[in-house]
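In what follows, a single structure is set out as structure tokens and then discussed.
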Amino acid sequence: QVQLVESGGGLVQAGGSLRLSCAASRSIFRINVMGWYRQAPGKQRELVATITSGGSTNYADALKGRFTISRGNAVNTVYLQMNSLKPEVTAVYYCNLEIGNRGYWGQGTQVTVSS
């Protein structure tokens with residue numbers, strides 16, 4: 001079993017930046033994909049970005065250029081740098097880990113962008 005813990009959310013003004021962090025409870029050496037998803041009130045959870053253990057990335061089209069996903073030096077961490085934030089990105093952001101056919105979710109961290 002793997003637990004994921006997110007941090008770094010908060011309240012920021014439009015145009016500002018935030019960096020989200022996610023740490024898994026143990027090192028993961030198998031091929032895997034880590035990523036960020038978000039869920040706004042009344043909407044379905046949707047992809048933000050993913051990164052494979054080999055470093056390949058994938059982004060939601062609307063967020064390309066403003067959000068950057070990266071892995072930490074430790075094999076069990078992933079980050080999401082969010083720049084030029086807009087109110088419409090307000091949501092709960094969830095960290096995700098996929099290992100083979102097993103998926104794990106963090107508890108979520110709230111990101112609120114005020115206009």
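The values are calculated or read from the model by the stated rules, or taken from the named source; none is laboratory data. Fair warning: this is a prediction, and the values are worked out from it, not measured in the lab. Backbone-built Cβ (ideal geometry, glycine too); neighbour counts: all protein chains shown. Areas reflect the complete protein model, heavy atoms only, side chains present, ligands, DNA and RNA absent. Shrake-Rupley method; radii C 1.70, N 1.55, O 1.52, S 1.80 Å.
By accessible area, using a 1.4 Å probe on protein heavy atoms only, the chain has 47% of its surface on carbon and sulfur.
Applying 1/(1 + (r/R0)^6) with R0 = 22 Å to the Cβ-Cβ distance of ALA14 and GLN44 gives a FRET efficiency near 0.35. Magnitude of the charge dipole for the chain, about its Cα centre and with charges confined to Cβ atoms of Lys, Arg (+1) and Asp, Glu (-1), is about 120 debye. Most tightly packed first, judged by the mean number of other beta-carbon atoms within 10 Å of their residues, the peptides 88-98, 51-61, 26-36 read 88-98, 26-36, 51-61.
Maximal additional length on extending the ARG66-THR112 stretch stands at 15.0 nm, based on 0.36 nm per residue less the C-alpha distance.
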